[in-house]
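Here's the structure, in structure tokens; my notes come after.
The numbers here are math on the coordinates, done by the rules we state, and not lab data. Just so it is clear, the model here is predicted, and its values are computed rather than measured. Methodologically, a virtual Cβ is constructed for each residue, glycine included, from the backbone with ideal geometry; neighbour enumeration extends over all protein chains shown.
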Amino acid sequence: MSPPEAAEIALLNVCKAFGRTKVIDDLSLSVANNELVVFLGPSGCGKTTLLRMIAGLETIDAGEIWIGGRRVDQLVPSARGVSMVFQDYALYPHMSVRENMSFGLRNFGVPRDQIALRVADAAKILEIESLLDRLPAQLSGGQRQRVAIGRAIVKQPNVFLFDEPLSSLDASLRVRTRIELIDLHRRLGAATVLVTHDQVEAMTLADRIVVMSQQRVEQIGSPMEIYGRPATPFVASFVGTSPMNFAPVGMAASAGEFATVSLAGGLAIQTAVRSSVLPQDTALSIALRAEALRISAPERGDARGTVHCVERLGDRTLIHVRLGEQLRLIASDSGNSPVAVGDTVGLTFDGSAAHLFDAQRGYHAERRGDGRSRY
């Protein structure tokens, strides 16, 4: 086996198990130079284990790992050409910022003048020049994170690995640091892998996202591919500031080119999914983003329901609507929506934005941008 020519990182048929529990099963993945790939998923899905296998902190049971054109799965971490930034910063409390950033280089015997130059360059990039003589206890959380990143930069690695680097920061600092990471990645131009459970973080940072759940990869794609064409119900429900609406449906008509499905109560929804790609005699679920459901006056909607929750997000409002006893849907309205809890409202469905899933097997059908459906 050999990796793709353009790959800076290549995982080929990688497997990992702890006892009888498979964590990674036959995974192949490549990361190009200048690319930022995010491993996204809930706690326990295997994303950090995968990152640690690339770094050499976990062994693999089968397969190969290549970095910079070299096979590295048999090499110790220090020989792989990677730098890793940990969730808890891992700074030495008794060392100054300067000493923390230079410690690894001193251990590798890098000349002092080169160490001083690399530390100065990294400090300038991260705007922490005034902090070099402080101890970690004298720094804020955001400053400590910059120092941890600076310690990785001075090693001049082929690959940067980030293990949930923003999870310890407060909300406003997390937003600012995300922007700084994007700018830093653009300037350094190295292959970068970042682990997070925050889908907003993944959407804003990544060139590609690897969505993981229960120790398996659900989907790999660009942020908008993941958001707009989720491959499984898990991806559809996990990615997005509000999860997709799911509801069981039946086939109302199949003679036409595009499928029409019916919700409980008889409401028919014309989709843009070609009837020919749908399996026969299987239960289906429709999936719609909140923006595909619009609030209207009760008499003007496709259906009417009762509002039981209102989430005001500033630029838009999410309206939770109860249709009958069983069905709960989330619709999007304007930021200054007058809707209140207890109101009766109409719902208008944009069937062209609908996705259909095989309710039993999780298979997915949707209309692609080129007008073709897939399943």
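Here the 3J(HN,Hα) profile of region 52-69, calculated from phi with Karplus coefficients 6.51, -1.76 and 1.60 at θ = phi - 60°, is 5, 5, 5, 6, x, 7, 10, 7, 10, 8, 7, x, 9, 10, 10, 9, x, x Hz, Gly and Pro shown as x. Placing pseudo-labels 7 Å out from each Cα toward the beta carbon at Ala297 and Asn336 gives an inter-label distance of 2.0 nm.
Computed FRET efficiency, Cβ-Cβ of Arg176 and Asn34, R0 22 Å: what is it to the nearest 0.05? Result of the calculation: an efficiency of 0.40.
Placing unit charges on the Cβ atoms of the charged side chains and taking the dipole of the chain about its Cα centre, the candidate lying farthest along the positive direction among Val339, Ala297, Ala202 is Ala202. Taking θ as phi - 60° and the Karplus parameters 6.51, -1.76 and 1.60, the scalar couplings of region 186-193 work out to 5, 6, 7, x, 8, 4, 9, 10 Hz in sequence order, x denoting glycine and proline.
Shown here for region 1-93: GluC sites (Glu not before Pro) in loop regions (DSSP other than H, G, I, E, B) with at most 14 other Cβ atoms within 10 Å, namely Glu5. Relative to the Cα centre, the charge distribution of the chain, modelled as +1 at Lys and Arg Cβ and -1 at Asp and Glu Cβ, gives a dipole magnitude of about 500 debye. Over all pairs of different C-alpha atoms in region 7-237, the reciprocal of the mean inverse distance, the Kirkwood hydrodynamic radius, equals 18.2 Å.
Across region 204-218, rounded Karplus estimates of 3J(HN,Hα) from the backbone phi angles (6.51 cos²θ - 1.76 cosθ + 1.60, θ = phi - 60°) give 7, 9, 7, 7, 9, 10, 10, 8, 10, 7, 6, 6, 9, 7, 8 Hz, Gly and Pro being marked x.
Taking the C-alpha atoms only, the angle from helix 141-153 to the longest principal axis of the chain is near 60 degrees.
Compared with the dominant principal axis of the Cα atoms in the chain, helix 97-107 is inclined by about 70°. Around the amide H of Asp73, modelled in the peptide plane, lie the amide H atoms of Ile65, all under 5 Å away and 5 or more residues distant in sequence or on another chain.
Given R0 = 35 Å, the distance between the Cβ atoms of Phe103 and Asp61 translates into a calculated FRET efficiency of 0.60.
Under 5 Å between amide hydrogens, built in the peptide plane, is the criterion, and for Glu8 it picks out Val31, Ala32, Asn33 among residues at least 5 positions away or on other chains.
Relative to the dominant Cα principal axis of the chain, helix 112-126 is inclined by about 30°. For Glu58, the residues 5 or more places off, or on other chains, whose built amide H falls under 5 Å of its own are Met53.
Annotation: lysines with alpha-carbon distance below 21 angstrom to Lys47 (same-chain offsets under eight excluded): Lys16, Lys22.
At full extension, Arg304 and Thr21 could sit 97.2 nm farther apart than now, given 0.36 nm per residue minus the alpha carbon distance. P(r) tail for region 241-374, what percent of Cα pairs lie past 25 Å? In whole percent, the long-distance tail amounts to 27.
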